[in-house]
Every structure is written in C-alpha cells, then in structure tokens.
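Here, each number is a calculation from the coordinates, and none is a lab measurement. Model, not experiment: these values are computed from the prediction. Here the Cβ positions follow ideal geometry from the backbone for every residue, glycine too, while neighbour counts run over all protein chains shown.
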C-alpha cells in the first residue's frame, strides 16, 4: 500500500460551544456527521484536535471584558498603558483592547503601519471618526 497523500487538515463545524457542554460528545458527533456528509473516511491513527479556545469555553475558563478591565485597574491604577504592536488579526484582540480601554485612564497604542492590513483599516476608521466629529456627526 503506497501513501500518496500527506497530512490533511479539515475544519469541522460544530454547534456553538458553551460552558458545561459535553465537548467529547459534540466533537465525536460533529466529526462523524462531517465524514458522512463530505464522504471522507476516518482511519486508525487519525488525529482529531480541538483548539484550546474551544476547550476553555466548554470549561468556562475565559475572561470577559469586565474581568480584563478589573484586572487592568487593579494592576495599573491611573497609569498610562502602552500596547505595542498588537496582532490585530486575532479575533480576541478586540475583546482585550475593549477591556484595557475600560480599565485604563489612558492608552498609547503603537501599531505597525502600513504593513499590517488590519492596522491600515484601523487608521482609516480613526481618520473617518475624526472627520465625522468635526462635521458634528455621531459615531
């Protein structure tokens, strides 16, 4: 038996995972349903991986915006906080930044512009807000 295909990675759609969900049962049923629907076989030595974020959600082990804000306030008080070259393409960064902004009095945000595509989008948004506020529009 020759081996012609190397590693194959598939993203499997699952229901939204909530704290207390039976993650093992959800993963098994989702993988079996996907295999049946898309016509791929599961073999011995196949590996099924679940991201840390999904496991944390099922365990209720994640930080809310309010948790982050409280932590920032307790650690830094009224000091200015600097966020240097954040990875803006990560979905979690928006939640983190919202928590930092809620807990800090002043933030200095240093972005890698224009190399980061999402930083470019953020700068255009900031420029638009400034123009809108000059014209008296609300954002």
Cα-projected label distance for residue 64 with residue 10, points at 7 Å along beta-carbon direction, nm: 3.7 nm
Extension reserve of the residue 53-residue 30 stretch, reckoned as 0.36 nm per residue once the Cα distance is removed: 6.6 nm
Taking N as the number of residues in the range 41-81, what is its Cα Rg relative to 2.2 N^0.38 Å? 2.05
Only counting other Cβ atoms within 10 Å, I'd like 55, 50 sorted with the fewest neighbours first. 55, 50
Expressed as a rounded percentage, what relative contact order does the range 2-94 have, with Cα pairs under 8 Å and six or more residues apart? 28 percent
Tail beyond 17 Å, pair distance distribution of the range 69-109 (Cα, percent): 25 percent
So what is the diffusion coefficient of the range 1-65 in µm² per second by Stokes-Einstein at 4 °C and 1.567 mPa s, using a Kirkwood Rh over Cα pairs? 95 µm²/s
Per principal axis, largest first, the Cα atoms of the range 8-115 extend in Å by 56, 37, 21
